[in-house]
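Enquirer: Let me begin by handing over the structure; questions about it come next.
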Amino acid sequence: NGRGIALYSLGVVGPLEEFFKFLPFALFILKNYDLDEPSDGVVYAASLAIGFASFENLGYLPLMSGAAYFGRALVSPLTHSIFSSIWGYLVVRARARGRSEVPAALIGLVLAALVHGLFNIMTVSNSLRIYSALLILCLWLMFIYLLEKK
């Protein structure tokens, strides 16, 4: 049912997937790389997300037809990278401003999980599916704006 899908997407899938993408960022990237501007956070978070999406897609391979899998193979890396860019941007922006990264990480993870969950809800609903593309476009434009403004 719709309510179950919404709860699962917002309460399980979004938070867990964003956490597991964030974990290597926190344990390895933040400790071993010089991240001094928010675009660095976006690049590293997006790179990790593309790797995550690639492995996730391998799990879907036996469950999907050729056309559906091809569509997922194209869309999943893009969407995962955009979701993860939220926390990547916020964490490195906090670092660059000399602020604590922990609140930025928590806010970023919550926002990314929320957007991720909403996207998943939209993609399984025939009436909302078109809005999933609009959501991704809006997030992409927001990042262009944030990274271009000085």
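The values are calculated or read from the model by the stated rules, or taken from the named source; none is laboratory data. Values in this document were obtained by computation on a predicted structure and should not be read as measured data. For neighbour counting, all protein chains shown are included, and Cβ atoms are generated from backbone atoms with ideal geometry for every residue, glycine included.
Enquirer: Tell me, please, whether a residue that is in contact (Cβ under 8 Å) with a residue 40 or more places away in the chain, among the β-branched types (V, I, T), in a helix (DSSP H, G or I) and within 20 Å of L137 (Cα to Cα) can be found in region 60-82.
Expert: Among the residues of region 60-82, at least one is in contact (Cβ under 8 Å) with a residue 40 or more places away in the chain, among the β-branched types (V, I, T), in a helix (DSSP H, G or I) and within 20 Å of L137 (Cα to Cα), which makes the answer yes.
Enquirer: Sticking with this one: For A104, are the conditions met, namely being closer than 20 Å to A26 by Cα, surrounded by 15 or more Cβ atoms within 10 Å (Cβ to Cβ) and free of Cβ contacts under 8 Å to residues at least 60 places away in the same chain?
Expert: Criteria met by A104.
Enquirer: Do we find that L118 is modelled with pLDDT of 95 or more, surrounded by 14 or more Cβ atoms within 10 Å (Cβ to Cβ), assigned to a helix (DSSP H, G or I) and in contact with a helix residue (DSSP H, G or I) (Cβ under 9 Å, 6 or more places away or on another chain) in this structure?
Expert: So L118 passes the test.
Enquirer: Return a yes/no flag: does region 40-50 have any residue that is modelled with pLDDT of 95 or more, touching a Leu at 6+ places or on another chain (Cβ under 8 Å) and acidic (D, E).
Expert: The answer is no; no qualifying residue exists.
Enquirer: Does region 57-87 hold any residues that are aromatic (F, W, Y) and surrounded by fewer than 17 Cβ atoms within 10 Å (Cβ to Cβ), and which are they?
Expert: Y60, Y69, F70 - these are the residues of region 57-87 that are aromatic (F, W, Y) and surrounded by fewer than 17 Cβ atoms within 10 Å (Cβ to Cβ).
Enquirer: Next up: Confirm whether A113 is in contact with a Pro (Cβ under 6 Å, 6 or more places away or on another chain), in a helix (DSSP H, G or I) and either over 18 Å from L27 (Cα atoms) or not aliphatic (A, V, I, L, M) (or both).
Expert: yes
Enquirer: Mind listing whichever residues of region 11-47 are out of contact with any His (no Cβ under 9 Å at 6 or more places or on another chain), among the aliphatic types (A, V, I, L, M), assigned to a helix (DSSP H, G or I) and surrounded by 12 or more Cβ atoms within 10 Å (Cβ to Cβ)?
Expert: Of everything in region 11-47, those that are out of contact with any His (no Cβ under 9 Å at 6 or more places or on another chain), among the aliphatic types (A, V, I, L, M), assigned to a helix (DSSP H, G or I) and surrounded by 12 or more Cβ atoms within 10 Å (Cβ to Cβ) turn out to be V12, L16, A26, I29, L30, V42, V43, A45.
Enquirer: Can you find, within region 121-146, the residue that is surrounded by the most Cβ atoms within 10 Å (Cβ to Cβ) among those that are touching a helix residue (DSSP H, G or I) at 6+ places or on another chain (Cβ under 7 Å) and within 22 Å of D36 (Cβ to Cβ)?
Expert: F143
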